[in-house]
Amino acid sequence: MLKAIGGTALAASLAGCTALLGDDNSSQSEGAADVPDEPIQAGLQTFTEGAAAVLGLQTQYGAELAVQRINEAGGVAGRKIQLDVVHEADAHVENYKQFVDEGKEVTFGPTSSGGHAALAPEVENQGVVNVGTDGTVTTLYEETLPDPTYSFRFQNHDVMECVAAARAAVDRLGAENIDTVAGINPNYAFGKDEFNVFKKAIQKLTGAEVVYEGYPDLLAEDMSTHITEVNDKQPDVTFSSNWGGDVTTLLNQAAANNMFENTKLVGSVLYSAVNDLSKDVVEQANAVSGSRNFYWGEPTPSRWNPGKELLQDARDQWDIVPSAHFMSGYGAVAAWATAAEKAVTLVGGWPSQDQLATALEGHGFYTPAGYHVMGQGHQGLSNAYYGDMVWDDGLGAPALDNISMHSPPELAPPPRATASEWISSW
């Protein structure tokens, strides 16, 4: 299967499926002319400290696991990768420029939506390929940088996970049972973008009225005002794009104030807090959570064992349950590495930045999350997952049950159409 798309031992290793290629552990492009001997210098910026590290460290660990597997498979066309990781903070452009000054051949990140919007134009100015891990705001390639050359984004963007959220709500409750919706979303570009897209989608699917919009600041210690409003309005669905520590705050305080008796919580990235939630709160919330383009239990191991193997690697090395942000780091590295090896084969030597960018456009590749395509608009496209968040005693953490999988044609606008135009056309 991998050979049919020009796959190598590297591609198979990153997919977690070396058995598909038997015992051949060598790269088909290894030894090509004009490939440098020295390692590939790469840089990743993500949140390595502070509250946002609950996402950023998952991204770092995922990228590091991909690099491990690449190097164990012999590298990219024989070149191993050395990955430097820096804390993104609010220095997204400065970090990238420093990477370029240091001679990095590729960069990855960031996590922040606002940071990604600031970074993308600088990537075009500098001309060194960056594969974004997250920073999923819909407007990045619709408005901020509508014609990118060197800027790419691996993770599904907001429109995909919010349309999937609306479909998951309808699947579980029925369109006829959703008359009112509310939102509790973080007070910055990501949260506002997510609720804007969710509103458009749920209203198209159900005609529901929006009865409350609340935007707590990031890392807010008290969400009681928003919880009180939801308890007062009792909407059929409350949508939240809170992530990490804000998920823990929202769920703990909502449980203490009986919010889950008055609404069905649907969250795009609630599962990002998988390693911090308690059993009592998870069971009381009975929430529906998305997991972007990766959930370790889906597809089921009987059909796609690499997800189970990645879960075991993450638990063995870092003692975590991997979330979609783990796949953000893993997949960004895998996208570039498999495209670079393809480019070496095509050009007969090490590719230029322009050739690498061309190789990434429309590039398809496997990871433990399944098959991905880097769209012509430089936006990664892959399946999205939603499930009922339940407690798994064997895992000692939340898991997702009753999983619904949605493919890119269901979730992403066609080329040259904006998310708003596409949803309005339904």
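The values are calculated or read from the model by the stated rules, or taken from the named source; none is laboratory data. Bear in mind the structure is a predicted one, so any value in this text is a computation, not a measurement. Counting neighbours? That spans all protein chains shown, and the Cβs are built from the backbone with ideal geometry, glycine included. Areas reflect the complete protein model, heavy atoms only, side chains present, ligands, DNA and RNA absent. Shrake-Rupley method; radii C 1.70, N 1.55, O 1.52, S 1.80 Å.
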Checklist entry - Given a 1.4 Å probe and every protein chain left where it sits, what share in percent of the accessible area of the stretch 346-426 is carbon and sulfur? => result 52
Next on the checklist: Please list Y141, Y188 from largest to smallest accessible area, probe radius 1.4 Å, with all protein chains kept in place.
Outcome noted: Y188, Y141
Checklist entry - Tell me, what is the percent relative contact order of the chain, built from C-alpha pairs under 8 Å that lie six or more residues apart? => result 19
Checklist entry - Given the pairs K192/K308; K192/K264; K97/K308, which span a C-alpha to C-alpha distance of over 26 angstrom in this model? => result K192/K308; K97/K308
Checklist entry - Dividing the Cα convex hull volume of the stretch 268-341 by residue count, how many Å³ per residue is that? => result 112
Checklist entry - Can you give the direction-averaged projected area of the convex hull of the alpha-carbon atoms in the stretch 302-403, in nm²? => result 8.1
Next on the checklist: Give the lysines reachable from K80 as a straight Cα distance under 18 Å; neighbours fewer than 8 places away on the same chain don't count.
Outcome noted: K104, K342
Checklist entry - What Kirkwood hydrodynamic radius, in Å, does the chain give when the mean of 1/r is taken over all pairs of distinct Cα atoms and then inverted? => result 21.6
Item to check | Surface per residue (accessible, 1.4 Å probe) for the stretch 65-189, Å² | outcome: 31
Next on the checklist: Rolling a 1.4 Å sphere over the protein heavy atoms, what is the accessible area per residue of the stretch 262-375, to the nearest Å²?
Outcome noted: 31
Checklist entry - So how tilted is helix 189-206 from the main axis of the chain? Cα-based, degrees 0 to 90, rounded to 10. => result 60
Checklist outcome for this item: For the stretch 232-326, the percent of accessible surface on carbon and sulfur atoms (probe 1.4 angstrom, ligands and nucleic acids excluded) is 37
Checklist outcome for this item: In this structure, the FRET efficiency calculated for T225 and S407 from their beta-carbon separation, with R0 = 41 Å, to the nearest 0.05, is 0.60
Checklist entry - For the chain, what is the mean residue ellipticity at 222 nm derived from helices alone (per DSSP H run of n ≥ 4: -39500 (n - 2.57); sum divided by total residues; nearest 500 deg cm²/dmol)? => result -12500 deg cm²/dmol
Item to check | Cα-derived Rg over Rh, computed across the stretch 50-109 with Rh taken as Kirkwood radius | outcome: 1.01
Next on the checklist: What's the ranking of 247-253, 222-228 by average number of surrounding C-beta atoms within 10 Å, highest first?
Outcome noted: 247-253, 222-228
Checklist outcome for this item: For the chain, longest principal axis from Cα atoms; helix 224-233 axis from its Cα atoms; angle between them, nearest 10 degrees, is 60
Checklist entry - Along the three principal axes, how long is the stretch 168-220 when you take its alpha carbons, biggest first, rounded to the nearest angstrom? => result 35, 17, 15
Next on the checklist: Please list, by residue number, every one of the GluC sites (Glu not before Pro) in the stretch 102-197 that is coil in DSSP and has at most 16 other beta-carbon atoms within 10 Å.
Outcome noted: E102, E143
Item to check | Dmax and Rg, reported as Rg then Dmax, of the stretch 68-187 (C-alpha, Å) | outcome: 18.5, 58
Checklist entry - On a 0 to 90 degree scale, rounded to 10, what angle separates helix 113-126 from the longest Cα axis of the chain? => result 20
Item to check | Charge tally in the Cβ shell below 11 Å around T136, where Lys, Arg are +1 and Asp, Glu are -1, T136 excluded | outcome: -3
Checklist entry - Where in the stretch 254-359 are there trypsin sites (Lys or Arg not before Pro) that are in a DSSP coil and have at most 11 other Cβ atoms within 10 angstrom of their Cβ? => result R303
Next on the checklist: Need the C-alpha centroid separation for the stretch 60-112 versus the stretch 366-391, integer Å.
Outcome noted: 21
Checklist entry - Roughly speaking, to the nearest percent, how much of the stretch 73-166's 1.4 Å accessible area is carbon and sulfur? => result 41
Item to check | Square roots of five times the Cα gyration tensor eigenvalues for the stretch 165-261, Å | outcome: 21, 15, 11
Checklist entry - Magnitude of the Cβ-charge dipole of the chain, K/R +1 and D/E -1, about the Cα centre, nearest 20 debye? => result 980
